[in-house]
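Below is one structure, written out as structure tokens; the observations come after it.
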Amino acid sequence: MTIDMRPYAEPADLQRILDLKRICTIPENMYDAPTLSELRALLAPLPQDPAAERPSWRDEQGTVIGHLYRRARTQQATMLWVEADGTPVAYALIAPPSTALTFQVHPQAHGRGLETQILAWAIAGAQEQVRQRERTFSLWCRCHESETEWRALLEGAGFRPLPARDLRLARSLDIPLPVAHLPAGFVLRGGVYGEGSEQYQELHRAVFDGIGIGLDYHQSPAYEPDLDVIAVDAAGAFAAFCLCELHQVTDSHSEYTVGEIGVIGTRPTHQRRGLGRALLLTGMHRLKERGATSVFLETEQAETPALRLFTSLGFQRVSACQWMTKDVVPHR
């Protein structure tokens, strides 16, 4: 049976993609981004104003509305592969500002060359970005341990693995949580706003070797300040943080509310005081209060203090994965 590729085009496509994600979900990929709730947000119809002479992602002053712009860009970079009767058997997307390819192929459609078509589509899109911007475009993709054929396909297309592998860990929140004890001399703050953004960025750079954090998420409707837990020392400096999020995930049986520990870190000068444990537990308690039945996170697959902290609090391995990347460069 013929399979055609077409762009994401109508509201009904959202439900088709969600249904396909449910069919394709196994324990190894249940928490893969974009989650069910993220797909609903990214692929929801954009607000329409026929009288407006501006894109839906700009306000009346012409300022870009970040979350709407990301939604528009994602929908432009989403493709479906459908059979003659319109039934989708695969989808793929790249959700800016990320340049990571994510996709799902119906289990009964494996072996029909769809993965090859998806990869060719993604590389062609990267080449077009390079042509328009005249600078290198790095395309990324994740491989779970079991996805040996996909990894071989990526390697054959010139993708290279990153040195480090990632572990995904999860913990049920039905199991009682220890009490969170914040060390003396610190107070908790929930979220960052205009006046705290630079301190937040500076803390992130101190924790992650000079790497800053994009604040698009913090300026979107999805951001929940009470789930962004920050420890502040007596001098008013940001000492540690734990950014948590709520998601909806799915499997073939049902949908579940889960929590994610998105980013956690402590300033080097404030380490070994119990701040990481206190903020992690605080975040987990808040996620549970908001209805999460489990919590997941990702960390480097190495014997690190972070991994020891997570396992000491009951996190268990769900899967391991390898990020692969390919630089598409301008023709000279």
Exercise for review: May I ask for the angle, rounded to the nearest 10°, between helix 114-133 and the longest principal axis of the chain, with both axes built from Cα atoms and the value confined to 0 to 90°?
Suggested key: 80
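Find, among the GluC sites (Glu not before Pro) in segment 268-332, those assigned to loop by DSSP (not H, G, I, E, B) with at most 15 other beta-carbon atoms within 10 angstrom. Mind dumping the intermediate values first?
Numbers: sites: Glu289, Glu298, Glu300, Glu303; in loops: Glu303.
Those that pass, being in a loop and sparsely packed, are Glu303.
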Check your understanding: Mind checking the angle between helix 11-24 and the chain's longest principal axis? C-alpha axes, 0 to 90 degrees, to the nearest 10.
Key -> 70
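Leaving ligands, DNA and RNA out of it, report the carbon-plus-sulfur percent of the accessible area of segment 175-220 at a 1.4 Å probe. Each step should come with its number before you reach the end.
Numbers: 1620 of 2750 Å².
Answer for segment 175-220: carbon and sulfur cover 59 percent of the accessible area.
If you roll a 1.4 Å probe over the heavy atoms of the protein chains, what accessible area per residue do you get for segment 173-296, in Å²? Let's see the in-between values first.
Working: 5850 Å² over 124 residues.
Value for segment 173-296: 47 Å² per residue.
If contacts are Cα pairs under 8 angstrom and at least 6 residues apart, what is the relative contact order of segment 255-332 in percent? Before the final figure, lay out each step's value.
Numbers: 45 pairs, mean separation 27.0, N = 78.
Reported as a whole number, the value is 35 percent.
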Review point. For segment 102-145, what log10 I(q)/I(0) values come out of the Debye formula at q = 0.23, 0.25, 0.26, 0.31 1/Å, with one point per alpha carbon and no solvent?
Key: -0.85, -0.93, -0.96, -1.13
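Quick one: of the DSSP bridges fully inside segment 227-324, what percent are antiparallel, nearest 5?
85
Which value at 222 nm does the chain reach when only helices count, each DSSP H run of 4 or more adding -39,500 (n - 2.57), with the total divided by all residues and rounded to the nearest 500 deg cm²/dmol? Kindly include the intermediate steps, with their values, before the conclusion.
On the way: 8 runs with 95 residues, N = 332.
Calculated at 222 nm, the ellipticity per residue is -9000 deg cm²/dmol.
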**Study point:** Dmax and Rg, reported as Rg then Dmax, of the chain (C-alpha, Å)
**Key:** 21.1, 68
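Under a Cβ-only charge scheme (Lys and Arg +1, Asp and Glu -1), can you give me the dipole magnitude of the chain about the Cα centre, in debye to the nearest 20? All intermediate terms of the calculation are to be shown ahead of the outcome.
On the way: 33 positive and 40 negative charges, 142 e Å.
Taking the Cα centre of the chain as origin, the dipole is about 680 debye.
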Check your understanding: If the convex hull of the alpha-carbon atoms of segment 1-153 is projected onto planes in all directions, what is the mean projected area in square nanometres?
Key -> 10.6
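With all distinct Cα pairs included, what does the Kirkwood hydrodynamic radius of segment 142-207 come out to in Å, to one decimal, could you say?
Numbers: mean 1/r = 0.0576 Å⁻¹.
Answer for segment 142-207: a Kirkwood hydrodynamic radius of 17.3 Å.
Please state the charge dipole magnitude for segment 196-241, taken about the Cα centre, from unit charges on C-beta atoms (+1 on K and R, -1 on D and E), reported in debye and rounded to the nearest 20. Before the final figure, lay out the partial values.
Values: 1 positive and 8 negative charges, 18 e Å.
The calculated dipole for segment 196-241 is roughly 80 debye.
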Check your understanding: To the nearest 20 debye, what is the magnitude of the charge dipole of segment 159-291 about its Cα centre, counting +1 on the Cβ of each Lys and Arg and -1 on the Cβ of each Asp and Glu?
Key -> 600
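Given Cα pairs under 8 Å that are at least 6 residues apart, what percent is the relative contact order of the chain? Walk me through the numbers on the way to the answer.
On the way: 561 pairs, mean separation 75.2, N = 332.
Here the relative contact order equals 23 percent.
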Review point. Using the scaling law 2.2 N^0.38 Å as the reference, what is the normalised Cα Rg of segment 232-332?
Key: 1.35
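The values are calculated or read from the model by the stated rules, or taken from the named source; none is laboratory data. As the structure is a computational prediction, the values presented were derived from the model and not from experiment. Positions of Cβ are backbone-derived with ideal geometry, glycine not excepted, and every protein chain shown enters the neighbour counts. Surface accessibility is based on the protein's heavy atoms, side chains included, excluding ligands, DNA and RNA. Shrake-Rupley method; radii C 1.70, N 1.55, O 1.52, S 1.80 Å.
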